[in-house]
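Everything below concerns the one structure shown next.
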Amino acid sequence: MKDIVVAGAGCAGLSVALALLERGVRARIVLVDPRTRFERDRTWCHFELEPHRFSAAVTHRWNRVRIAHPAGTRTLRVARTPYCHLPADAVYRAALDRLARAPNVSLRLGERVLEIEDRAGAPACVRTDRGELRADLVFDSRPVRPPSAPGDLVQSFAGWFVRTDLPVFDPRTATLMDLRVPQQGGVHFIYVLPFSETEALVEDTWFASQPLPIERHETFVADWLAAAGVHGYSVLAREQGVLPMARSPFTLQPSPRVVHVGLRGGAARPSTGYAFVAIQRHASALAAWVARGMATGRWGAAPAPRAAHVGWLDRVFLARLTAHPERGAELFHRLFARVPSDRLVRFLSESFSVRDALSVMMALPFGPFARQALRELAPRSTATLAPRADRTSWP
Ligand SMILES: Cc1cc2nc3c(=O)[nH]c(=O)nc-3n(C[C@H](O)[C@H](O)[C@H](O)COP(=O)(O)OP(=O)(O)OC[C@H]3O[C@@H](n4cnc5c(N)ncnc54)[C@H](O)[C@@H]3O)c2cc1C
């Protein structure tokens, strides 16, 4: 039996552990995380193109999504691939229940990974604040400062779960972007997930070079509610975050026995910050890689979280956004106004065909994007290390 250590039991760590169980990988799996509680610390949303291991935790589905811009509002009908919502606590509960039933899995909570040392010819050593663990393979999902090169953006957001005195929201329609807010210094929009006529998450979001202070985000949320005529409300809960929108590459496999997963491994889509579905797909691909490696003794490089062409298109888009942030709102408006909804949903969900991508490209100013696409053509790998495919021992 081999030993696998998973550093971090958040979205990616739990997903990788579950994927290894689903694949029937015969290994002792130890998850280490300093947290001791799994609360609703975030909500995950995505377009539902395919079922995944947490589909049963979906609590709300919207059949319509909206984008509002000073030049007009467009509502897309997405009933075939609804925009769905998973509260984090339901996801954590589903994962922990499943892991608790697996005799080969242990969860070490309240314990912090300090350092991971991968020594040639010996198991990796995972040092924690309580001791040391030996591992034949380590999946590392500890939070990390994203790579930052000049021009890299972050997605900074903070929101309120509000309950209003009067029915004001349309629970059938999620607002992905309300761009009718001040735009200086980045792309700025309000995101609204209405759960009922009186309850919604209202989130202020910026794509900018630096995160905004939470108080500034919250001022914009309050201003948006006031402008929408919502005066009597209470704030039930808050969420906030900063996600990488980096054009520079992430490190996927810093050494043969260590694989970065989740945001640390570049799972967040550079152009949108969405990561949940990419994490699920990546976890499955990694589990298949481990199962194959154990069965054959041959280990290639660990699979990356997304195909290279998706990263290339995102870099093109981000390069234009960074060069002309003042045109960002208009670019998003054009995308939603001109691309057919099915194609746009597939594009946003990283499951697109060449025709879908062409439809997106034709909606954008063609000349500047085509020139940028050529400039970005030199492929950049997300992996810094490509182990030899013919390696025959455990990595
Ligand atoms: C508020 C919020 C909302 C989001 N909404 C969406 C969304 O709607 N759709 C979408 O696709 N993406 C969304 N994302 C982005 C992304 O899906 C999440 O950030 C996701 O949780 C990333 O998974 P992860 O495993 O990389 O990080 P996390 O889930 O944050 O897990 C990291 C884990 O590492 C642990 N840890 C920290 N330090 C150590 C240490 N020293 N040793 C061991 N463990 C450690 C932490 O306690 C944590 O459990 C959202 C992010 C946030 C913050």
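The values are calculated or read from the model by the stated rules, or taken from the named source; none is laboratory data. Here the structure is a predicted model, which means the values were calculated and not measured. Glycine gets a Cβ as well: all are built from the backbone with ideal geometry, and neighbour counts include every protein chain shown.
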Tell me which of these residue 212 doesn't satisfy, since it passes every other one: (1) away from the ligand (no atom under 12 Å from the Cβ); (2) buried (at least 19 other Cβ atoms within 10 Å of the Cβ); (3) under 30 Å from residue 20 (Cβ atoms); (4) within 22 Å of the chain's Cα centre (by Cα).
(3)
Among (1) in contact with a strand residue (DSSP E or B) (Cβ under 7 Å, 6 or more places away or on another chain); (2) at pLDDT below 95, where does residue 83 come up short?
(2)
Being modelled with pLDDT of 95 or more and either more than 16 Å from the ligand (Cβ to nearest atom) or charged (D, E, K, R) (or both) narrows it down to one residue among 247, 238; which is it?
238
Given the options 315, 298, name the one that is within 27 Å of residue 203 (Cα to Cα), modelled with pLDDT under 95, away from the ligand (no atom under 13 Å from the Cβ) and basic (Lys, Arg).
315
Looking at 202, 277 in this structure, which one is aliphatic (A, V, I, L, M), free of Cβ contacts under 8 Å to residues at least 60 places away in the same chain and in contact with a strand residue (DSSP E or B) (Cβ under 7 Å, 6 or more places away or on another chain)?
202
Tell me which residues, restricted to region 127-182, are of a type in the set (Val, Ile, Thr) and either under 27 Å from residue 228 (Cβ atoms) or assigned to a strand (DSSP E or B) (or both).
128, 138, 154, 162, 164, 168, 173, 175, 181
Quick check on residue 81: is it under 22 Å from the mean Cα position of the chain (by Cα), surrounded by 15 or more Cβ atoms within 10 Å (Cβ to Cβ) and among the hydroxyl-bearing types (Ser, Thr, Tyr)?
yes
Being part of a loop (DSSP other than H, G, I, E, B) and within 16 Å of the ligand (Cβ to nearest atom) is the filter; apply it to region 95-117 and report the residue that is surrounded by the fewest Cβ atoms within 10 Å (Cβ to Cβ).
110
Options 56, 19, 68; residue that is under 25 Å from residue 294 (Cα atoms) and either within 10 Å of the ligand (Cβ to nearest atom) or aliphatic (A, V, I, L, M) (or both)
19
